Structure formats: structure tokens, C-alpha cells
Amino acid sequence: MSAFLGLFGTILLAALLGGGSAGFLGVFIIGLRMPFIAVFSAHAALAGAVFGVLLDIPTSMAAFIGALIGAILLAVLLKNRRTDPNAVLGTLFSLMLGLAFLGIGLSDGAKSPMLGLLWGSLLFVTKSQIIKMAVLAFILLVFALVFRHELKLILFSRELASLITNDWLVLCVLLVLSAAIITVNLETVGGLLLYSLIANPAVAALRLAGNFRSSLILSAFFGALSAVGGFAAAYWIDLPVGACIVLFSSFIVGISHLFPGKIRF
């Protein structure tokens, strides 16, 4: 066991941070009825990375810029509280997908640095990525603590929240944080699988938790457990890591359905 930890300690730390922050974030995303935001942000980051390669900008920086632009566009369009968020997400997703493939078509070089964001690679995580994960996880935690009342109001009703607080500003910050966390996890989990790591722990936690606070804690735990458990299963059975993480998180959701649901937003 000590040899395993010594060999894969960095990977396990990345799994804990990435899975935990994704699960924690998932409660807000599921509560806002916008689970598709993970897929949208992933493809916005992909579009940014593609044009980053064309403009000779570092891939990780360009990916974040793309996700950030996508988050800002989404926030602007959601300023009207009557707007259907999923309709907006569908439209913006199509835009980002089109831009990504346009950039890929314009590129003459290797496509692997661009497409690598869709699949991720937990096995090749670096210390700099871990630092980014830790910093963003801390920022998300502080944000959730400082604005806990506003966030609960927004999840319950944006119309009611608008009468008491600046709900749009809080939502903007949440969307930007979501873009940052999703982008940093793209490099380890991959955009095509990240949706499950965000949605599944939150769905399971919201069924089992007795209140909002415990749902956040439980979802972060399920996210970390999914990432670590999926990696361990992939190591022992010799299977793709990302697929095992998704299947592990799906297994947790399946187990949660054996118990009666508690929280309803």
C-alpha cells in the first residue's frame, strides 16, 4: 500500500482535489437546473485551446480564456430571469462546437494538443495542475461560505432572490468559478467525461442529504471517492481511467436510489 501511495500519490491528490471540487460545484449546477453547463464549458475551453494553438498561446491559458468567454456570454443572456437556461446553453454550445471544429479545420499542425482536452489524462497530472486545483477549490469553498444565503435563495427562486440581493452578480461569479474549475479538470478527466463527475455525485448527495450544507459535503465526498475509486479500479483491472471514474460515479448514483430522496430544490 505504501508503495502504491508513493508511486501514485500525486495522481491520488489530483483525484481528490478535482473530484471533490467537481462534486461540490455539481450541487449548484444541478440546483440551477443547468447540468449541461459542464459540457458547454468543456467545449468553450476546447474552442479556446484550438484558437490558442493557431495564435501560439499556451493551451491551458487559451482553454481558460475560451471557457471564461463562454461563462460571460451565458451570464449576460441569463440576466433576463425569464430566459430558459437550457435553451441558452444549447445555443451557446452549438456556437462553441462550431468554433472549435472551425479552428481544427484551419490548423495545419497536430490535432492532439487540442483534442486532448476532450479525453484528459489523470496519469500525467503535474504539480502545477494540482496547485491550480487546490487554489480553485479553496476559492470555491470561500465563495460558497460567504454567499451561502444568496446561493440558497438563487437555487430556490431567482425571482425571490432578486428582491433581496443582487442575484445576477452572484450568479456571474458562480459561472466564472465553474468555468475555471471545469477547465482545470479538463486536463485530468477530459471534457467528455467531466459532465458525469459533476452531475453524478450531486444527484446522489441530493437524494441522501438531509439539508443543503450536508449535500455540499456529501457531494464533494462522492466526487473525490469517484475519482479515487475509479483510478484504483482502472489500475487493478487495467482499464481506461476516465471511463472507470464515470462508471464509479454512476454506481454511487445507483446505490443512492436504494434510499428515499430527501432534498428537493
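The values are calculated or read from the model by the stated rules, or taken from the named source; none is laboratory data. Keep in mind that this is a model prediction, so the values were computed, not measured. When we count neighbours, we look across all protein chains shown, and the Cβ atoms used for this are built from the backbone with ideal geometry, even at glycine. Heads up: the accessible areas ignore ligands, DNA and RNA and are worked out on the full protein's heavy atoms, side chains in. Shrake-Rupley method; radii C 1.70, N 1.55, O 1.52, S 1.80 Å.
List of remarks:
- For the stretch 172-231: rounded, prolate or oblate by the Cα gyration tensor [a/c cutoff 1.5]: oblate
- About its Cα centre, the chain has a charge dipole of approximately 740 debye under the convention of +1 per Lys or Arg Cβ and -1 per Asp or Glu Cβ, with nothing else charged.
- Taken as entire DSSP H runs, the helices of the chain that both span 15 Å or more between Cα atoms along their own long axis and average -0.5 or more on the Kyte-Doolittle scale are 2-31, 37-54, 59-77, 85-106, 127-146, 167-186, 191-208, 212-237, 241-256.
- Shape of the stretch 143-265, Cα gyration tensor, a/c cut at 1.5: oblate
- Whether the stretch 10-90 is rounded, prolate or oblate, judged on the alpha carbon gyration tensor where a/c under 1.5 counts as rounded: oblate
- Residue among PHE251, LEU208, PRO58 farthest towards the positive dipole end of the chain, charges placed on Cβ: LEU208
- When nucleic acids and ligands are ignored and a 1.4 Å probe is applied, ILE217 ends up with an accessible area of around 110 Å².
- In units of the rule-of-thumb radius 2.2 N^0.38 Å, the chain shows an alpha carbon radius of gyration of 0.98.
- Between the stretch 59-92 and the stretch 197-265, the Cα center-to-center distance that results, in Å: 26 Å
- Of the solvent-accessible surface of the stretch 167-258, computed with a 1.4 Å probe over protein heavy atoms with every protein chain present, carbon and sulfur atoms account for 75 percent.
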